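**Student:** Got a structure for you, written out below as structure tokens; questions coming shortly.
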Amino acid sequence: MEVQDDGQSPSVWGSMQDLTSWLSMIMRKVRDQPRTTRQDLVNDLKRAGTTVSKKTISNTLRRHGLKSCSARKVPLLKPAHVQARLKFANDHLDDPEEEWEKVMWSDETKIELFGLNSTRPVWRKKDEYNPRNTIPTVKHGGGNILWGCFSAKGTGQLHHIQGRMDGAMYHEILANNLLSKSVEDGSWLGLPA
């Protein structure tokens, strides 16, 4: 069966049963594999004997509440990490602002100009941030890794990490970039200079 994206009613495309079957096929595929491309769907339908354009696929998915978005990048977390973060948030929910002014936050990030750090499209409903619609990220392997910190008092220095960070390297970074500053003027801990 030949289906043209000519903007006419579905009756031009053939029987409603054929339309329903290819619609359910693409909806099922996108639900099960949100990173499916339009070309993958066109190829699947072609193998099933139906020819449609990528534009028809996009229009159909959009009419059913799905849109193509860049997959969000989120840290790769194990269930234990998720529980620990939730416990921390609940334990400190009512902490006064003065306590948070004493806290310093640090993190690492991977920076790549080209290659693996690029975005990937995903089909999802509005505000659907299910783990299947995200790209897990890790802090090592390829690219440039930078470490930085900040507190209520301001930002710290960026440190370029050479190789894989272990406990000894982390202590060295803290000693060189953090502890010396807080000892010198107490600014990181909110102490008078």
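The values are calculated or read from the model by the stated rules, or taken from the named source; none is laboratory data. All values derive from a computational prediction rather than experimental measurement. Cβ placement follows ideal geometry from the backbone for every residue including glycine, while neighbour counts extend to all protein chains displayed.
**Student:** Any residue at all in region 73-89 that is of a type in the set (Gly, Ala, Ser) and either surrounded by 12 or more Cβ atoms within 10 Å (Cβ to Cβ) or touching a helix residue (DSSP H, G or I) at 6+ places or on another chain (Cβ under 6 Å) (or both)?
**Tutor:** Taking every residue of region 73-89 in turn, at least one turns out to be of a type in the set (Gly, Ala, Ser) and either surrounded by 12 or more Cβ atoms within 10 Å (Cβ to Cβ) or touching a helix residue (DSSP H, G or I) at 6+ places or on another chain (Cβ under 6 Å) (or both).
**Student:** Could you count how many residues in region 36-63 are touching a residue at least 40 places away in the same chain (Cβ under 8 Å) and surrounded by fewer than 18 Cβ atoms within 10 Å (Cβ to Cβ)?
**Tutor:** Here the count works out to 6.
**Student:** Mind listing just one residue for me: the one in region 148-186 that is more than 11 Å from residue 104 (Cβ to Cβ) and assigned to a loop (DSSP other than H, G, I, E, B) and, of those, modelled with the lowest pLDDT?
**Tutor:** That would be 186.
**Student:** Which of the residues that make up region 1-45 are part of a helix (DSSP H, G or I), of a type in the set (Val, Ile, Thr) and at pLDDT 85 or above?
**Tutor:** Listed by number, the residues that qualify are 26, 30, 42.
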